[in-house]
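Enquirer: A single structure is presented below for examination.
FYI, it's all coordinate maths here, none of it is from the lab. All figures in this text were calculated on a predicted structure; none of them were measured in a lab. Because the Cβ atoms are built from the backbone with ideal geometry, glycine has one as well, and the counts that use them run over all protein chains shown.
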DNA sequence: CCTTGAACCTGCGGGC
DNA sequence: TGCCCGCAGGTTCAAG
């Protein structure tokens, strides 16, 4: 599910559902997801109360009352649902937290690119997964000036560069294409040469992400309660997944190509 | 340092 | 119906 807007949508839903909830039991249906669970994972979570749920980049941060933080990543296919304990669990239901109020928090992840780990509250910012991340795209630190400086020292194609989480977090494969369309920049253009357009690019990235968060929010309730798939593909994209279809602006067919192993969509006429 | 490509894993849809 | 191929929202690691 996961680019920043989807993770943010999940975060909001989980916080609504789980704030103040206490974990009574932790069940691991297998020894690992992408990584092994940390030592004493279940034990450290059992009895803890969830005080709040935050987000950094595409990571969910469950702040607990025992000075620990459960760090979760959804990978490509990770999903959380909060519901009455089902009679039987699905093939890819890997983690279950049973709450003291009887509800079950189920983490399902077919491809298992997601993972969970723990950090102390104190050492959170030095956590290996969080330490080297770039600024949040919707925060002030992600400014035109900052982006300009970053772009000037990169030689790779702009699309690949903005997807790197060290430069700015949260821009994944879909929204990279979408943001570049909005900013009218060819995804193949060397990052250096886009430095002059930093202000537009910052604006486009923010606009695309904000818009997606907004539309994700409306279908949120369904998302968390049922283990459904609302949100993502109901969203309308300008270029992503629209190869051969007319550009919404000039009607030129949208092109699709592969960059760094990822499919990329752009309008050859509008994006220079 | 930066960039690229392969790897991780499962499911789905298309073509034959 | 079934098999094979390519493809999918992300990140890490090794190597150039």
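Enquirer: For the ranges A:108-117, A:85-94, A:176-185, what's the packing order if you count other beta-carbon atoms within 10 Å of each residue, average per peptide, and put the highest first?
Expert: Order by mean packing, descending: A:176-185, A:108-117, A:85-94.
Enquirer: Rounded to the nearest 10 degrees, what's the angle between the helix A:173-182 long axis and the longest principal axis of chain A, both from Cα atoms, 0 to 90?
Expert: In chain A, helix A:173-182 runs at an angle near 40 degrees to the longest axis.
Enquirer: Exposure proxy check: A:247, A:67 ranked by fewest other beta carbons within 10 Å?
Expert: Final ranking by Cβ density, sparse to dense: A:67, A:247.
Enquirer: Output the Kirkwood hydrodynamic radius of chain A, Cα pairs only, in Å rounded to one decimal. It would help to have the intermediate numbers written out before the result.
Expert: Working: mean 1/r = 0.0507 Å⁻¹.
Here the Kirkwood hydrodynamic radius works out to 19.7 Å.
Enquirer: Also, quick follow-up: At a threshold of 8 angstrom on Cα-Cα distance, excluding pairs fewer than six apart, so keeping six or more, what relative contact order does region A:1-125 reach in percent?
Expert: Across region A:1-125, relative contact order equals 30 percent.
Enquirer: Ignoring everything except DSSP H segments at least 4 long, calculate the 222 nm mean residue ellipticity for chain A; use -39,500 (n - 2.57) per segment, divide by total residues, nearest 500.
Expert: Mean residue ellipticity, 222 nm, calculated: -8000 deg cm²/dmol.
Enquirer: A further question follows. Between residue A:149 and residue A:262, what length comes free when the chain is fully extended (0.36 nm per residue of separation minus the Cα-Cα distance, one decimal in nm)? Please report the intermediate quantities before stating the final value.
Expert: On the way: separation 113, 0.36 × 113 = 40.68 nm, distance 2.56 nm.
Gain on extension, residue A:149 to residue A:262, equals 38.1 nm.
Enquirer: If you don't mind, another one. Using only Cα atoms, tell me the angle between helix A:198-218 and the longest principal axis of chain A; keep it within 0 to 90° and round to the nearest 10.
Expert: 40 degrees
Enquirer: Continuing with this model, one more query. Return a whole-number percent for the relative contact order of chain A, with Cα pairs under 8 Å and 6 or more residues apart as the contact set.
Expert: 18 percent
Enquirer: Can you give me the pair-distance distribution of region A:4-123, C-alpha pairs, 10 Å bins, whole percents?
Expert: 14, 50, 34, 1
Enquirer: So the label point goes 7 Å from the Cα of residue A:122 along Cα→C-beta, right? Which residues of region A:31-73 then have their backbone N under 15 Å from it?
Expert: A:66-69
Enquirer: Any idea how far apart residue A:138 and residue A:100 come out in nm if each label point goes 7 Å out from Cα toward Cβ?
Expert: 3.2 nm
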